[in-house]
Amino acid sequence: MKRLSTLLVLASVSMFLPGVPCAAKSSESYYNEALSMHRAGNLNEAVRLYSMAIQSDNRYVLAYQMRAAAWQRLHQFQRAISDYTAVIDLGEPYFQAVGYFNRGIVKNMSGRYAEAIPDFTQAIGIDQKMASAYFHRAIARIK
């Protein structure tokens, strides 16, 4: 019991000493901070924090999804495509459909219309009710 008390005191004191790191943040706390920055329009900081969440948990699909959205708004299309690909590779079917759809959107935005068509088709294959995928696939076919 005395040893436990000593450890608790040492742990408490070490939190206030300079140069002694506190417990690492969780992937969720990085994600939540990133989302706040994203909503505030601070996209570069959001990307940095989403990256920290991913570094903490490299299977954090939602962090990849949102970092891709930030890259997309920053017109960093190849980076967005890479993150949407991670969403497709790591995600459950819902995330996969959204990943394919968003990757198709980025390809459309960057003028790669022929490459976007298979992504929209994959999204439709997973979620036949995704009307926007039909619409954007038709646009890509026209271009």
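The values are calculated or read from the model by the stated rules, or taken from the named source; none is laboratory data. From a predicted model like this one, the values you see are computed outputs, not experimental measurements. Cβ atoms come from the backbone with ideal geometry, glycine included; neighbour counts cover every protein chain shown.
Restricting the search to the stretch 36-60, which residues are hydrophobic (A, V, I, L, M, F, W, C) and part of a helix (DSSP H, G or I)?
Met37, Leu43, Ala46, Val47, Leu49, Met52, Ala53, Ile54
Report whether or not Glu92 is over 20 Å from the mean Cα position of the chain (by Cα) and acidic (Asp, Glu).
Here the answer is no, as Glu92 does not meet what is asked.
Do you know which residues across the stretch 66-89 are more than 17 Å from Ser110 (Cβ to Cβ), crowded, with 21+ Cβ neighbours inside 10 Å and not hydrophobic (A, V, I, L, M, F, W, C)?
The answer is Arg67, and nothing else.
Among Ile81, Ile105, which is modelled with pLDDT of 95 or more, among the hydrophobic types (A, V, I, L, M, F, W, C) and assigned by TED's automatic domain parsing to the domain that holds Lys143?
Step by step, each of Ile81, Ile105 is checked, and only Ile105 is modelled with pLDDT of 95 or more, among the hydrophobic types (A, V, I, L, M, F, W, C) and assigned by TED's automatic domain parsing to the domain that holds Lys143.
Does Ala63 fit the bill of being over 14 Å from the mean Cα position of the chain (by Cα) and part of a helix (DSSP H, G or I)?
Here the answer is no, as Ala63 does not meet what is asked.
Working carefully through the options Ala40, Ala114, Ala53, find the one that is at pLDDT 95 or above and buried (at least 20 other Cβ atoms within 10 Å of the Cβ).
From the options Ala40, Ala114, Ala53, the qualifying one is Ala53.
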